[in-house]
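Novice: I am attaching a structure below and will ask some questions about it afterwards.
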Amino acid sequence: MRLLYGPRVRYTWLYPKSGDREFGSNDFDVSVTMTVPNFLWSGRPLFVTPAFGLHLWDGPKPPVMSHLPSKAYDAYLDAGWSTDPARIFSGEVGVRVGVYSDFNTVASESVRLQGIGQFHVQMTPTVRLTGGVLYLNRNKYKLFPTFGVLWEPNSRTRFDIYFPRPKLAKYVSTIGNYDVWMYLGAEYGGGWWLIEHPDGFNDKIDINDIRLFAGVEWGQQSLMKKGKRIAFIEAGWVTEREILYVNRPADSVTLSDTFMLRAGIGY
């Protein structure tokens, strides 16, 4: 048991196509995880993760939208606890509270609460079922069910057929002290922010998309067996993209598909 994990650093780039209705971004995220051993005498640790994200946005441009700031940020705190995953029946809960805004606006509306609760059933040594609920708390979607099957037919294959973030991974090679895996995955991307229009009027926005990607990840064998990693790099396609305004819905826009690159270190 370590008292400190990290830091974890991630960078995501969405290619900004030319045109008034196009949108690209550079997203930077950094976090560190602290451990509280034997939380509430449960024998299991509580993981606490402060994090900060910076988002640099390019487009869309007027007159398609009246205003979208060039940058925004996330500052949040995660807390997560789980029962012993080695048991037949196990579970996990997590809570996130944070501020999501541009650099001109800080108000009570910029504070957002999220959470997750899941249970797991180890059906066989190679098959685990998962079900639960994800409180996403966006303007468009508040709740997502979570469900899936984790199937590990052997030590070199991991099929995490899980909604809303499936991942199919396969061992490739060992280089030095690191196992290298390749994978395919998908996720519901984007986020939620409070922004200020040029006339001083606040608005809540969603940036929503679906991301399909392929990547390479590596880490010590003991970590990779748990689905964790030291570093990764991936490329993918971003589709079903939209920017939604709550108070000024006429500003909402549907975006065309684009290309994504993402890389990170830490787990």
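Rule-based calculations on the coordinates, nothing more; no lab input. What you see is a predicted model; the values in this text were computed from it and never measured. Here the Cβ is made from the backbone with ideal geometry for all residues, glycine too, and neighbour counts use every protein chain on show.
Novice: State all residues of the range 210-233 that are of a type in the set (D, E, K, R) and more than 20 Å from residue 186 (Cα to Cα); if no residue qualifies, say none.
Specialist: Correct list: 225 only.
Novice: Just checking, which of 160, 179 is of a type in the set (D, E, K, R) and touching a Pro at 6+ places or on another chain (Cβ under 9 Å)? Full working, then the answer.
Specialist: Values: 179 fails: touching a Pro at 6+ places or on another chain (Cβ under 9 Å).
That would be 160, the only listed residue that is of a type in the set (D, E, K, R) and touching a Pro at 6+ places or on another chain (Cβ under 9 Å).
Novice: Quick one: is residue 198 in contact (Cβ under 8 Å) with a residue 60 or more places away in the chain, under 30 Å from residue 17 (Cβ atoms) and surrounded by fewer than 17 Cβ atoms within 10 Å (Cβ to Cβ)?
Specialist: yes
Novice: Let me ask another. Criterion first (under 30 Å from residue 159 (Cα atoms), surrounded by fewer than 17 Cβ atoms within 10 Å (Cβ to Cβ), among the aromatic types (Phe, Trp, Tyr) and in contact with an Asp or Glu (Cβ under 9 Å, 6 or more places away or on another chain)) does residue 52 satisfy it?
Specialist: Here the answer is no, as residue 52 does not meet what is asked.
Novice: Which number in (1) free of Cβ contacts under 8 Å to residues at least 40 places away in the same chain; (2) farther than 28 Å from residue 242 by Cβ; (3) not hydroxyl-bearing (Ser, Thr, Tyr) marks the one condition that residue 177 misses?
Specialist: Among (1) free of Cβ contacts under 8 Å to residues at least 40 places away in the same chain; (2) farther than 28 Å from residue 242 by Cβ; (3) not hydroxyl-bearing (Ser, Thr, Tyr), residue 177 violates only (1).
Novice: For the range 111-151, name all the residues that are farther than 21 Å from residue 243 by Cβ, within 15 Å of the chain's Cα centre (by Cα) and not aliphatic (A, V, I, L, M).
Specialist: Across the range 111-151, the qualifying residues are 115, 135, 146.
Novice: Turning to a different aspect of this structure: Considering (1) of a type outside the set (D, E, K, R); (2) surrounded by 18 or more Cβ atoms within 10 Å (Cβ to Cβ); (3) within 19 Å of the chain's Cα centre (by Cα), say which one residue 181 fails and leave the rest.
Specialist: Failing condition for residue 181: (3).
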